[in-house]
Amino acid sequence: SAPPPSSSSDLFRNFSSISNRLTDRLAATGVTANFETLISGVKNFLPANRDLTITKITESIMDPAAASSSAIAKTENYLYFDPRSANARGTAPPPSAPRGGTASPMPGGLGSLGPGTGASFGQRRQGFSEAVVFTVGGGSMDEYGNLLEWAKRTGEGGVGAAKGAGRRRVVYGSTEIVSAGEFLGVEMQGLGVEVSS
């Protein structure tokens, strides 16, 4: 015969009673506060915003003052061609020119205006609000999404962002962007044929 319904409700009532007593004891000993501290510590290890390499490079070109030193180092030898900028018409400084701030900064030279704003072949790095990012080779939707997220994140809270003045526009392109099915069906299959031959 079937057990009476009151026995199952007694089981749940006893279970909730045990769990209430357990949480009360944990709260009394301070374990719950330690547990919350542990959880918040684990959250600190997880990256809050993880920009991809192409996004870091774009940031160091578009917003050099806010870019990290590692991103600036990646673009240190890039040449800038902006015909509208008077600084872009400079030439490489002679080998005897003072470098690294040991003497007074030269006009158009390696000044100390902040990270990423020093001159590169006669021109000073400046920020841009619009960019076309184009990769030769395969592109991905992850890169595209990461660039758009960065543009939105920095454009809203950046300097001069009031009333849309700091808005950033980034156009992303690549010589080839394939879907996941095309990647597995064409690219990986071709790679498998090459390996097996």
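The values are calculated or read from the model by the stated rules, or taken from the named source; none is laboratory data. Fair warning: this is a prediction, and the values are worked out from it, not measured in the lab. Cβ sites come from the backbone with ideal geometry, for glycine too, and all protein chains shown count toward neighbours.
Computed quantities for the displayed model
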| read-out | value |
| --- | --- |
| Residue count for region 135-190, restricted to those that are closer than 20 Å to LYS56 by Cα, in a helix (DSSP H, G or I) and at pLDDT below 85 | 3 |
| Subset of region 167-187 (residues that are β-branched (Val, Ile, Thr) and either within 25 Å of the chain's Cα centre (by Cα) or closer than 21 Å to THR55 by Cα (or both)) | VAL170, VAL171, THR175, ILE177, VAL178 |
| Tally of residues being within 17 Å of GLU130 (Cβ to Cβ), part of a helix (DSSP H, G or I) and among the hydrophobic types (A, V, I, L, M, F, W, C) across region 58-83 | 2 |
